Every structure is written in structure tokens, then in C-alpha cells.
Amino acid sequence: MNRQFPIKGRYIVAVWFLPFLYLPGVDAIYYALFEEFVWNWYALLYMIYAQLLLGITLAGLILYHKLDWQLMLAKADRSEYPPAIQLTAFIFLFSIAAAYALFYPLSFVIPEFVQYWYIDIPEIVYLSEGSFHIVENILSLLSLVVLAPVFEEIAFRGILLHSWSEKWGINRAILISSLLFGAAHPDPIGAAAFGVAMSVLYLRTQTLLVPMFCHALNNLVVWLYEAGYAIALGPDYEYTLEEFQSSWTIGLACAVIVFIWASLYLKGKVRYRAWSLPKIHSPGQ
């Protein structure tokens, strides 16, 4: 009898949600580096510390259970990237439409929650007093475009998808892991859809390199958009709930594009594909 996938999903879930409670030692590390409390630096340190903790946990589990990390990161055919980028662009627009569909009506019913959860999110671009903070923004880019795509794809698609597929089947594993991924993001519907898309890319290409690339590309576009917005409007500009409410046409435009895009795709020959996960562990080990 083949041995089941050796890593239990609960270990990944625990490390994933730990930063939402408290990261042990983060204050000690911060005050060892800085004399005064500066929110930007603390938020950056907290985020990178959490990502590195996840990365160290993943590396330990992969080495201890002798997973084939080379197969996880197998080279993909170049022809896989263009359709993967198209799917990422589609999900990007879908995420914007979904965010407006969810938070726009809520902004009139429970504005305090929308302000806290969606509007007052931590900055990812640092600009103050007319200067662009080079070190802070490089670290922000490192976190968003390198650490997050690599560690999150290994955690959710490389481990959770394998572990939960044995327990619930591939389709349920995709759904549950994607919902968990979405729950930790300000835009839960869009992030969950993004998780589904990355799962499909992993199953289609049999390597994590493609979803990692698309994840990094998505985050880079977000960062560049925020950077352009911050530079154009100045360091003192603050995004408000009222501006979000008045910009509902952006969500509508994205929804229309997504609807037309999906309609054109569905008119073509769409065939169901029986997905299978790559064998990244040996049952006899």
C-alpha cells in the first residue's frame, strides 16, 4: 500500500495564520535594528519576517520528508507562459470587479469595516516628503515579487494541494486551499479566484515555476500601479472610502471586460481535463 503524502496540511495552515496573531521575537528584532518606532519599517520587517518563517518551515518539511523539490521546480515549456499570462490578466481584472461587487455595497452598510479591512491596508510603496525611499521600496518589491510568490506557491500549490487532494480529491483541495488563500487577503474573492487559477496552472504545467512567475507578475503590476498612483498624486495623498465609492465605474468596466472575455472563451472548444498532480514524493520512503 502506498504511503500517503507525508506532510499534514495543518502545519502549513498554522504557520500561515500565525502572523495574524503574533510573531514571536519580532519586537526584539525591530528594536535591535532601530532606536525609534517607525510604522513603515515595522510593517516591512513584520511582513518579511513572517515570509521567511514560512520559507524556513517549508524548507525544513521538504528536506525532512525528502520531497522532490527539483520536480516541483521542473522547467516548463515556453509555450506554457503566454496562456498563463493571459489567465493571470483575466483574474487580475476579475479581482478588481469582485472587490467592487463585494465592498461597494458594504461600504454603505458597514463603512467602518470596509475602511479597516480594504481601505486602510498597509502601504507597499513608500513615498514621503517628495522623496522615494529606495531601501524600503526595494524590500517591499523583494517581499511582494520574490518571497511571496515563491513561498506561497510552495505552501498552497506544492504542499496543501497534494496533502488535501489525498483527503478530499483534487477539486475540493483546489477549492479549500484557494478559499484559505483568499481569507488572508484584503480582496478575498479575487484572491481565492487567483488561488484557483494558480492551482490550474500547476496541474497543467506540472511545475511550480509557472504559477510562481504569474504570481510575481501579478504582484509586480500591483506595485507598479501603486507606485505610479503615489508619485502622480503626491506623498500626502490618502485614499478614502468616499473615493472608493465614487470610482464604482472602474469595477463596472472590469466586470464588463471579464464578462466579454469569458463569453468569447466559452464559445470556443472547452474540454474538461482530468488533472493529475506530479509525484513529488516516494511512497516507500
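Here are some notes:
- Any chance His162 is crowded, with 20+ Cβ neighbours inside 10 Å and touching a residue at least 12 places away in the same chain (Cβ under 8 Å): yes
- Criterion: surrounded by 13 or more Cβ atoms within 10 Å (Cβ to Cβ) and small (Gly, Ala, Ser) - qualifying residue of Ala32, Ala14, Ala28, Ala59: Ala59
- Residue match in the range 90-113 (condition: of a type in the set (S, T, N, Q), surrounded by fewer than 20 Cβ atoms within 10 Å (Cβ to Cβ), touching a helix residue (DSSP H, G or I) at 6+ places or on another chain (Cβ under 9 Å) and touching a residue at least 24 places away in the same chain (Cβ under 8 Å)): no
- Contact map, the range 26-54: first residue in contact (Cβ under 8 Å) with a residue 24 or more places away in the chain and part of a helix (DSSP H, G or I), second residue surrounded by 17 or more Cβ atoms within 10 Å (Cβ to Cβ) and polar (S, T, N, Q), Cβ cut-off under 7 Å, separation 6 or more or different chains; pairs are Leu44/Ser140; Met47/Ser143; Ile48/Ser143; Gln51/Ser143.
- Test: residue in the range 135-145 that is of a type outside the set (A, V, I, L, M) and either more than 30 Å from Val38 (Cβ to Cβ) or without any contact (Cβ under 8 Å) to a residue 60 or more places away in the chain (or both): no
- Note on the range 75-87: residues that are modelled with pLDDT under 95 and either of a type in the set (A, V, I, L, M, F, W, C) or under 11 Å from Leu208 (Cβ atoms) (or both) amount to 1.
- The listed residue being closer than 26 Å to Ile121 by Cα and at pLDDT below 85, out of Gly234, Gly268: Gly234
- The set of residues in the range 161-178 that are part of a helix (DSSP H, G or I) and of a type in the set (Gly, Ala, Ser) comprises Ser163, Ser165, Ala173, Ser177, Ser178.
- Candidates Ser95, Ser107, Ser79, Ser143: the one that is farther than 30 Å from Glu238 by Cα and in a helix (DSSP H, G or I) is Ser79.
- For the range 2-25, a residue qualifies if it is assigned to a loop (DSSP other than H, G, I, E, B) and under 21 Å from Ile62 (Cβ atoms), and the qualifying residues are Asn2, Arg3, Gln4, Phe5, Pro6, Ile7, Lys8.
- Qualifying residue in the range 122-136 (condition: surrounded by 19 or more Cβ atoms within 10 Å (Cβ to Cβ), assigned to a helix (DSSP H, G or I) and of a type outside the set (Val, Ile, Thr)): yes
The values are calculated or read from the model by the stated rules, or taken from the named source; none is laboratory data. Everything numeric here is computed off the predicted structure, so don't read it as measured data. A quick note on method: Cβ atoms are made from the backbone with ideal geometry, for glycine too, and the neighbour counts reach across all protein chains shown.
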